[in-house]
Amino acid sequence: MATLEVPQHAVPTAPASALDTAYSRITWRIIPFIFALWVLAWVDRVNVGFVKLTMLDDLGWSEAVYGLGAGIFFLGYFFFEVPSNLLLQRIGARKTIMRITIGWGIVCVATMFVKTPAMFYFLRFLMGVFEAGFYPGIILYLTYWYPSERRAKAFGIFMSASAIAGVIGGPLAGSIMNNLHGLNGWSGWQWVFLIEGIPSILAGFVTWFYLTDRPEQAHWLTAEQRRLVHEDMARDSKALGHREESLIASLKDGRMWLLILIFFCIIAANSSLTFFGPSVVKEVGFTNPATVGWIMAASYLCGAVGMICNGLHSDRQQESRLHCAFAAALGALGLALTALFMKQSPAIALAAQTLAIVGTMSAIPVFWQLPGRFLAGAAAAGGVALINSIANLAGFGAPSMLGAIKTSTGLLSPGLYIVAAVEVCAAILIIAFVPRFAKKAVTR
């Protein structure tokens, strides 16, 4: 199933300069736009992690209420991700991404009016319903535009938007909460949901006019570039050999369930850092929302660099298995050190949390190289969504567990140790059970 170790005769033999120019044009056209959309999605998804610094006190809620609400987002993911990706394959990315983006923007704005835990749970679930198809949809979408040996870098750049969202979202949320609190009779956290939701609604309408579904429809490529990309993608498909195209049949493949388990372990760590990272910063002594935002921004900037560099190095080495395993192990180490030093050394705890963010986030782009080794067509569309949707149940369980432990013990560290143990399992599973993979030789 698993790595990207590719013999030289399996790489493209089309004129390198012409092909590189075509892919460069694709990259500059597509990646910045979907990058921006993912920044908006991530900001709207995780802003609850920052607004909780004042929202819980305003509404009289416990950490357990927050943890459940933060995690219930992923239940919406679970139920609607596969149908959304299958719909994308049928009607195209432009229509699907437009619907998704407008939907989550509206829900984000509506969250400013929550008064009860039930309202909070419902809107967080609805946010998951709308956003469910975006991430796996983009993963599938990029497989239409890039051959396998170019995807890890593309995945890394796109997915680093979640880290950049942390760079932008933290200081932005902190600034809004500090400066707009009380304006128009609204609390600062309410202004965060309003100001951060509106751009997503507008971006959804832009998507309709900007996005192109497939390379053959790309009027912004020359006819020669479209031909070269088409031939290169056909070459890559042959080099990968037989891949399952039936979603039902793929469910009987143990490799599918192995990848689900691996990604579950990674997402448990990622969601914990996303929703409780600001709480760690507050617990070590930084209580000003703006300060918390800037500290998290620095950590996520390091995470973005890690994602891009790991993806780029994976492409250059034509290897993804160990790149994913070592990054996950690094994330687990960072989580354990964060828990160990939270009460002893704030500086070491924050450095360790940054290490956890870098390792965990860097594992994600190269992980998504693995399903394409044995899935294609409808199986790829549904399989990618299925892996993400089931694994993201960890996004429900981990924050809920951390919130419950914090409420009952007053400490975050026991929960962080548990999450670290879960993430290290991802590295072990990859090394122990994911075999190496090499493409077949292809001659033109």
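Results, tabulated for the structure shown:
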| read-out | value |
| --- | --- |
| For the stretch 185-227 and the stretch 354-398, distance of Cα centres in Å | 23 |
| Cα-projected label distance for residue 313 with residue 431, points at 7 Å along beta-carbon direction, nm | 1.6 |
| Potential lengthening between residue 198 and residue 407 on full extension [0.36 nm per residue; Cα-Cα distance subtracted] | 71.9 nm |
| Sparse-neighbour loop sites [trypsin sites (Lys or Arg not before Pro); the stretch 243-330; at most 12 other C-beta within 10 Å; DSSP] | 252 |
| Qualifying trypsin sites (Lys or Arg not before Pro) for the stretch 123-158 [loop in DSSP, other Cβ within 10 Å: at most 14] | none |
| Calculated FRET value between residue 288 and residue 230, using beta carbons and R₀ = 60 Å, to 0.05 | 0.65 |
| Inter-site label distance for residue 251 and residue 95 at 7 Å from Cα along Cβ, in nm | 2.5 |
| Scattering profile of the chain at q = 0.07, 0.08, 0.12 Å⁻¹ [log10 I(q)/I(0), Debye over alpha-carbon scatterers] | -0.32, -0.42, -0.96 |
| Length gained when the stretch residue 217-residue 184 is fully extended (0.36 nm per residue, less Cα-Cα span) | 7.1 nm |
| Separation of the residue 261 and residue 206 label points, Cα + 7 Å toward Cβ, nm | 4.3 |
| Whole-angstrom Cα spans of the stretch 59-192 along principal axes, big to small | 51, 29, 27 |
| Listed residue pairs exceeding 30 Å between alpha carbons, taken from 252/406; 153/238; 115/406 | 252/406 |
| Under 20 Å from the residue 421 label point (7 Å along Cα→beta-carbon), backbone N, the stretch 269-311 | 269-273 |
| Residue 175-residue 16 FRET efficiency (beta carbon distance; Förster radius 41 Å; 0.05 resolution) | 0.30 |
| Mean ellipticity per residue at 222 nm, deg cm²/dmol - from DSSP H runs of n ≥ 4 across the chain, formula -39500 (n - 2.57) | -27500 deg cm²/dmol |
| Mean Kyte hydropathy of 1.6 or more with a Cα span along the axis of at least 18 Å, helices from DSSP in the chain | 321-341, 346-367, 413-433 |
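Every read-out reported here was derived from the displayed coordinates using simple, explicitly stated rules and does not represent laboratory data. Since we're looking at a predicted model, the values are computed, not measured. Positions of Cβ are backbone-derived with ideal geometry, glycine not excepted, and every protein chain shown enters the neighbour counts.
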